[in-house]
1. Can you tell me how many residues within the stretch A:21-71 are hydrophobic (A, V, I, L, M, F, W, C) and surrounded by fewer than 18 Cβ atoms within 10 Å (Cβ to Cβ)?
2. Just checking, does the stretch B:319-330 include any residue being out of contact with any helix residue (DSSP H, G or I) (no Cβ under 7 Å at 6 or more places or on another chain) and at pLDDT below 95?
3. Among the residues of the stretch A:196-248, count how many are surrounded by 17 or more Cβ atoms within 10 Å (Cβ to Cβ) and hydroxyl-bearing (Ser, Thr, Tyr).
4. Please return the ranges of helices (runs of 4 or more DSSP H) entirely within the stretch B:1-102 where 3 or more residues are within 14 Å of chain A (Cβ to nearest Cβ) and more than 23 Å from residue B:230 (Cα to Cα).
5. Could you grab me the full set of residues in the stretch B:64-87 that are in contact with a Leu (Cβ under 7 Å, 6 or more places away or on another chain), open to solvent by less than 60 Å² (accessible area, probe 1.4 Å) and of a type outside the set (D, E, K, R)?
6. If residue A:112 satisfies all but one of (1) touching a residue at least 12 places away in the same chain (Cβ under 8 Å); (2) over 30 Å from residue A:201 (Cα atoms); (3) surrounded by fewer than 21 Cβ atoms within 10 Å (Cβ to Cβ), what's the number of the condition it fails?
7. Does residue B:197 count as under 18 Å from the mean Cα position of the chain (by Cα), closer than 27 Å to residue A:212 by Cβ, at pLDDT 95 or above and buried (at least 20 other Cβ atoms within 10 Å of the Cβ)?
8. Any chance the stretch B:36-47 includes a residue that's in contact (Cβ under 8 Å) with a residue 60 or more places away in the chain, of a type in the set (Asp, Glu) and surrounded by 13 or more Cβ atoms within 10 Å (Cβ to Cβ)?
Amino acid sequence: MNRIEKVFQNLKESNEKAFVPYIMAGDGGLDTLAEKITFLENAGATAIEIGIPFSDPVADGPVIQQAGIRALQSGTTLREVLAKIREIRPIVHIPLIFMTYMNPIMAYGIGNFIADASKSGVDGLILPDLPAEEEGIIATIAERAGIEIVRLVTLTSPLERIQEIANKGKGFLYAVTVNGITGARKGFNEELGKHLQNVKNVSPIPVLAGFGISEPSHVEEMIQHCDGVIVGSKIIELFESGKLDEIETLIAASKPESIKL
Amino acid sequence: MTATYTLPDERGHFGDYGGRYVPETLMQAILELEKEYKKAREDEIFQAELQALLRDYVGRQTPLYYADNLTKYAGGAKIYLKREDLNHTGAHKINNSLGQALLAARMGKKKIVAETGAGQHGVATATACALLNLECTIFMGEEDIRRQQLNVFRMELLGAKVVGVKSGSATLKDAVNEALRYWVTNVEDTHYILGSVMGPHPFPMLVRDFQSVIGNETRQQYLEKEGKLPDTVVACIGGGSNSMGMFYPFIKDESVRLIGVEAAGLGTDTDKHAASLTKGSPGVLHGALMYLLQNEHGQIQEAHSISAGLDYPGVGPEHSYLKDSGRAQYESITDDEAMEALMLLCKLEGIIPALESSHAVAYALKLAPQMKKSEGLVICLSGRGDKDVETVRTRLGGEGK
């Protein structure tokens, strides 16, 4: 069983919700990656999404775009991130999931990338520019290597399609909560709760909500309707401004009252 | 092989190229677009409406002009110019913008988003939107806005909202990124009029089909004038829309050489060029697998060309396929060579071509002398040079020669 499946099985047994933060590898230099991962694990993260910078990230809003530019300017490459993950994997217990676009992987070579990612202990892949129609290019070979493809469904995906997509995966389903790109939002579509319920009803795997979630109150609201949340831009901002305590508060918002500090 | 050419396949692939590498949020929109386009293609009323607009509004058909002076100068093959520069708004871009705007209206979409580099596609799209009463938002790199002030004003005059893009290199590639982001956010009531034969399926097919009027007319006009097909057809390539529109109707005519001319900028041995097919490698950008300018890590590199319309680090998937299959041949022309060709066409034929089209003229002038006088060569003169006069003046030191 893949590390992602195990973690969600444990959560289910203890009736807890997931919190998956996103960080950009190489933002602040690749040397900071280990300390950020350790900090997030200690703060209670369920898994960590690690962004690999790409020059043209069409699914990302300004905060993640800027983080990607900073990472590229400090010379971050996919090869170096893989080496770094391999180095720190023994001291990290939670799943590590790469989020990137197809082109850096294609330039690396899909087969080589999956082989190296597997050796480094990468557990999953989120590829926002790879819809179900094109995933044949990488999905089979990734799954053979024990790397989960985490698939996205959105507010525009018809329920039948959501069901088909959900049935392909074993880890969790990434339910995008806004029509749009990554980045903080003040409010959400009032139909969202119902949408997440519908997604949960057809999905055999856990459903995590992501895109636009930035406040503890968002987290508390979202986890009423699904199995957890993914928070990206806000985590990047808080690391950038050194407000680590606010990261802890955000993660704590996903925990049952009894465990909160 | 080419006698049975039917690409793209039903998944939008041209061999390995093309496809739909887009965020899931856009999948419904592009699946719906594909379905509606296929219906519109078979719909006689839609086609008649488009034909009538192309004739009465755009001014088609455009002439196929025998350039006698240019032919004599080159001293080889007979040179014809397909005069897309005579279209309303000054370039071939209107063929596609009008077709897609009609399609959007048919689909019940009231809002349009588009990207533009030099502004030609933006002006054409703003024009089509004004005509069909659609709300129009155009994304344009800040760097291009600075270089093309007059086109920005034109778009605004036509009622479009022009939004500056500061991210990345602040040019065409970044305008496409931002237009895609806007579309993801507003997908429910907005259609994206992509300006070239790129992006996710069905765009490369759809833009090619709307631009094929260029090649269809050329084929028929050449047959009427010469009683045979041309031996060679030459067109410039940025994303590849005028060339694809010119090439497509000739693909099955294996005797016709198809030559695409990329921008070599300061030279293909420098890092300042836009020759994606000549110097790039396959990868995924803006929704499709195609040839790209990228570094070894898969980061997209900035393109350079004197002509903003060719200043794009990728070339559409069908061209990528035609290159690998050998059906089309791809060459490149530097900034200097394009400038020289522009001035030559002004003086010899009294036609100021766009800097983009000047690349095709420059290559044709290298090729024609190597061809027999009995042979014929058609250049796709994709646009007029009015928009480039300021660039040319600055380049010549402010006062011409």
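1. 4
2. Checked against the condition, which is being out of contact with any helix residue (DSSP H, G or I) (no Cβ under 7 Å at 6 or more places or on another chain) and at pLDDT below 95, the stretch B:319-330 yields no hits at all.
3. Qualifying residue count for the region: 3.
4. B:24-42
5. B:67, B:70, B:74, B:77, B:79, B:80, B:81 - these are the residues of the stretch B:64-87 that are in contact with a Leu (Cβ under 7 Å, 6 or more places away or on another chain), open to solvent by less than 60 Å² (accessible area, probe 1.4 Å) and of a type outside the set (D, E, K, R).
6. Going through (1) touching a residue at least 12 places away in the same chain (Cβ under 8 Å); (2) over 30 Å from residue A:201 (Cα atoms); (3) surrounded by fewer than 21 Cβ atoms within 10 Å (Cβ to Cβ) one by one, residue A:112 breaks only (1).
7. So residue B:197 does not fit the description; no.
8. Yes, the stretch B:36-47 contains at least one residue that is in contact (Cβ under 8 Å) with a residue 60 or more places away in the chain, of a type in the set (Asp, Glu) and surrounded by 13 or more Cβ atoms within 10 Å (Cβ to Cβ).
The values are calculated or read from the model by the stated rules, or taken from the named source; none is laboratory data. In this text, all values refer to a predicted model and were calculated from it rather than measured experimentally. Please note: Cβ atoms are built from the backbone with ideal geometry, for glycine as well, and neighbour counts cover all protein chains shown. SASA here: full protein model, heavy atoms, side chains in, ligands and nucleic acids out. Shrake-Rupley method; radii C 1.70, N 1.55, O 1.52, S 1.80 Å.
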